[in-house]
Amino acid sequence: MSSIITTLPRYSGTSLNGKWCYLVDQLDTGYLDHFGAPIDEWGRNDTQRFAYFFDGHLENPSEWVEYGFVEERSLDVPGDWNSQVKELFYYEGNLWYCKRFDLNKKDPVKRYFVQFGAVNYKSDVYLNGKKLGVHVGGYTGFSFEVTEYIKEGKNSLVVHVTNVRAKQNIPTLNQDWWNYGGITRDVNLYETPAVFAEDFTLQLKNGEKSVLEFALKVNGTSLEQKIKLSIPELGLEKEFLTDKSGKLKESFTISDLTLWSPENPKLYSVEITCAGKTITDRIGFRSIKVIGTDILLNGKSVFLRGVCIHEENPIKGGRANTVEEARMLLGWAKELNCNFVRLAHYPHNEQMIRVADEMGLLVWSEIPVYWGINWDNPSTLENGLTQLTENIMRDKNRACVIIWSLANETVPGEARNSFLSKLADRARELDSTRLISAALEKHYLSDSPDTATVEDPFAEKCDVVSFNQYVGWYDGLPEKCSRVKWEIKYNKPIIISEFGGDALGGKHGKQSERWTEEFQEELYKQNVSMLKKIPQLRGTAPWILADFRSPKRLLPYILDGWNRKGLISQQGEKKLAFNVMRSFYKELETQYK
Ligand code: GCU
């Protein structure tokens, strides 16, 4: 597992966001020869053509060149290409980006890294014609060291991106959300000292309320370093030594700690000094654990009043990737009286997590192991383990994250059970403090058609048993909710990780008329009454906060490429069902005071 440098945003950096030249390369001419063998040609050669176009004219018209990156043809980064260029709305293919930037001064004692927040789906990255590497997975961050390749003056960063779906990918061929392609999150150039802290963990020790566990890894030539950790507000200052491999793992008691909670999302400024350089972060401390069918936050029983969210701005369309969009989406969840959000179906951008930390929203964080994954493909498993690792490594110090979800609606079977078990083992190896779950499926007992249950071997591996159910929408009409009984044998907490139905915002009619807001409102009322009957229920997350684009939703005049199960419409308007959930959660909030 290559080292993941999680601390880069804590060092000084330069944003590479903004206009990036692009070229649509539908037949991958710049990447494959005409027999399909990789040639990586365009990525390696922008430097040769750097002058070619740089001042806007052809320097050597006789030279054979059939491509070029020109400033007039550019995309905004961060941002999916689908929402920026009409011709790319449905585009699934290959596209080249090129960012030319100046480095005013190259410091001989510093190290340089380029970090991408996410690129969907696969990216090959080149700097000044040198290939830095490849990243697979559209929703997790990655970085490359560029110290030996970056130059003082002009640099050219070229990225080949493909968002073509494939059976062996994660997610695989079928998904109920838009396959937004491109450099969808921030890109930054960071400078670090020659020896620096590449990763650290600082959290409450599992099950403790006043014992912190501190782990750190040094990167560089001299790995044995004195590390200073301080939390000024608590008057804490401690020194440690890393071992010969540059690692330390210590725990120590701390007093007067105010624990993080939705009611009081307390974040402390933490300072870490390594080799003379101090980095800071804002960290909350809380404990989360399961006892029987109860979920305890800081030792107190909690009910997770949640909602599912896709990483999409319904009003603008396209990937949401700014702090303002995070505040809009999570602000809507707060208006719904939520203390919990299920960030579906993939890791969201870091702004969402940082804002949830600040606002006091507990987070279900998920990797896109969704529906029909290629379970018996070893490279698919490796891909899943890598995306899980990248997700946990980025957010393991965020108090708001309490659940690592490993899958959504996957069919039990030997290969799938083994695949998910390996993911669960990796999650626990990386983070013993958080809960493991997955969105499973319910079914009815064969001898009692109105008795619903969950029976899934993977539930044994989960701390919390979660499942999606659509009684009243895909499964009967809303009145069926009053007939369904629930029998779930696990002595574990239950979360309903999805329920709901579509309504076209602004379409009104009788509550018996599907696609109206009145139908959706009645469906929610019936579901809420039914959910109250599940004894081990400890959380609910209706599907979904806001309408979102999906290529699977094709009903003319009603869906037209949108999944309209949102409690909020594509225009950002609250539907009638929004108030049903808000009242239910207000009632629960009072009950759990
Ligand atoms: C599924 C799935 C979602 C999908 C939803 C729906 O449960 O998890 O991704 O959008 O149902 O059908 O709307």
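The values are calculated or read from the model by the stated rules, or taken from the named source; none is laboratory data. These numbers were taken from a predicted model, which means no experiment stands behind them. We place every Cβ from the backbone using ideal geometry, glycine too, and count neighbours over all the protein chains shown.
The table below gives the values:
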| quantity | calculated |
| --- | --- |
| Pairs, first farther than 13 Å from Pro78 by Cβ in region 311-323, second hydroxyl-bearing (Ser, Thr, Tyr), C-beta under 7 Å, six or more apart | Gly317/Ser83 |
| From Glu237, Glu208, residue being surrounded by fewer than 18 Cβ atoms within 10 Å (Cβ to Cβ) and either modelled with pLDDT of 95 or more or part of a strand (DSSP E or B) (or both) | Glu237 |
| Some residue of region 194-215 being touching a residue at least 40 places away in the same chain (Cβ under 8 Å), in contact with a His (Cβ under 7 Å, 6 or more places away or on another chain) and more than 23 Å from Gln115 (Cα to Cα) | no |
| Close pairs (7 angstrom Cβ cut-off, 6 or more residues apart or separate chains): closer than 16 Å to Val302 by Cβ in region 331-349, of a type in the set (Lys, Arg) anywhere | Asn337/Arg305; Asn337/Arg582; Asn337/Lys586; Cys338/Arg305; Asn339/Arg305; Phe340/Arg305 |
| Residue check, Arg327 at pLDDT 95 or above, surrounded by 20 or more Cβ atoms within 10 Å (Cβ to Cβ), of a type in the set (Lys, Arg) and not in a strand (DSSP E or B) | no |
| Any chance Ile39 is buried (at least 19 other Cβ atoms within 10 Å of the Cβ), among the aliphatic types (A, V, I, L, M) and at negative phi | no |
| Selection count, region 541-576, where residues are within 14 Å of the ligand (Cβ to nearest atom) and under 25 Å from the mean Cα position of the chain (by Cα) | 20 |
| In region 156-168, residue nearest to the ligand (Cβ to nearest atom) [restricted to those that are of a type outside the set (Ser, Thr, Tyr) and surrounded by 20 or more Cβ atoms within 10 Å (Cβ to Cβ)] | Asn163 |
| Neighbours by Cβ (under 6 Å, 6+ apart or cross-chain): first from region 378-396, in the same structural domain as Leu430 (by TED's automatic domain parsing) and β-branched (Val, Ile, Thr); second surrounded by fewer than 20 Cβ atoms within 10 Å (Cβ to Cβ) and in a helix (DSSP H, G or I) | Ile392/Leu430 |
| Residues being among the aliphatic types (A, V, I, L, M), under 21 Å from Val187 (Cα atoms) and over 22 Å from the mean Cα position of the chain (by Cα) - total across region 70-93 | 3 |
| Residue match in region 337-360 (condition: of a type outside the set (Asp, Glu), more than 16 Å from the ligand (Cβ to nearest atom) and modelled with pLDDT under 95) | no |
| Conditions (1) surrounded by fewer than 12 Cβ atoms within 10 Å (Cβ to Cβ); (2) of a type outside the set (Gly, Ala, Ser); (3) more than 30 Å from Val218 (Cβ to Cβ); (4) at pLDDT 95 or above: number failed by Val109 | (3) |
| From Gly137, Gly141, Gly153, residue being more than 16 Å from the ligand (Cβ to nearest atom) and within 30 Å of Leu259 (Cβ to Cβ) | Gly141 |
| Any hit, region 112-120, residues being over 22 Å from Phe196 (Cα atoms), surrounded by 15 or more Cβ atoms within 10 Å (Cβ to Cβ) and not β-branched (Val, Ile, Thr) | yes |
| 3 or more residues farther than 27 Å from Leu567 by Cβ and more than 15 Å from the ligand (Cβ to nearest atom): qualifying strands (runs of 3 or more DSSP E) within region 404-502 | 448-453 |
| Contacts under 6 angstrom Cβ, first residue in region 143-155 being touching a residue at least 60 places away in the same chain (Cβ under 8 Å), partner assigned to a loop (DSSP other than H, G, I, E, B) and surrounded by fewer than 19 Cβ atoms within 10 Å (Cβ to Cβ), 6 or more apart | none |
| Residue count for region 541-558, restricted to those that are surrounded by 14 or more Cβ atoms within 10 Å (Cβ to Cβ), closer than 16 Å to Gln175 by Cβ and hydrophobic (A, V, I, L, M, F, W, C) | 3 |
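For every residue, the table says whether it meets (1) modelled with pLDDT under 95; (2) under 30 Å from Leu173 (Cβ atoms); (3) not aliphatic (A, V, I, L, M).
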position: Leu537; (1), (2), (3): no, no, no
position: Lys565; (1), (2), (3): no, yes, yes
position: Gln570; (1), (2), (3): no, yes, yes
position: Lys575; (1), (2), (3): no, no, yes
